[in-house]
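First the structure, in the form of structure tokens, and then the observations on it.
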Amino acid sequence: RRAAALATTSASRHQLLRCLPYTTERILELRSGRPAHEQPKTVYDPSRETENCGVGLVASLKSIPSRRVVDDADEMLVRMSHRGGCGCDPASGDGAGMLFGMPDSFMRTKAQELFGVELPPQGDYAVGNVSFP
């Protein structure tokens, strides 16, 4: 019974995936012309072994801001200094760094403090960092 239930679940999932236009499985199926069950189960391809040495990702799955996430991401970057993320040679590197969600409360405080303006609701404004030569 369990095997039949799993097969039914798998078949139902496959049917659902065929209806959803933007699942990874469906996109791969459309790009390759091969059904999802014939697709490789991993993104590893030995013919692309020279592409890169890896990627590091540190995140809070609970969406709770934390200094520990920053510290862990910094440690990951330190351990990947061979990728050029240390700023040792400004002529090279692959843009290794950290990407954060915008700290709304901090931006509100600084906008008021530095410019005397009140920002619109969260999600209705953007902040940019521009460097001029």
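The values are calculated or read from the model by the stated rules, or taken from the named source; none is laboratory data. Here the structure is a predicted model, which means the values were calculated and not measured. Each accessible area value is taken on the protein alone, full model and side chains, heavy atoms only, with ligands, DNA and RNA left out. Shrake-Rupley method; radii C 1.70, N 1.55, O 1.52, S 1.80 Å.
Just a few scattered comments:
For every residue, the table says whether it meets (1) part of a loop (DSSP other than H, G, I, E, B); (2) at pLDDT 70 or above.
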| site | (1), (2) |
| --- | --- |
| SER12 | no, no |
| GLU29 | no, yes |
| SER60 | yes, yes |
| ASP94 | yes, no |
| GLY97 | yes, yes |
| SER105 | no, yes |
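- A single member of GLY87, GLY56, GLY128 is modelled with pLDDT under 75 and open to solvent by less than 80 Å² (accessible area, probe 1.4 Å), and it is GLY87.
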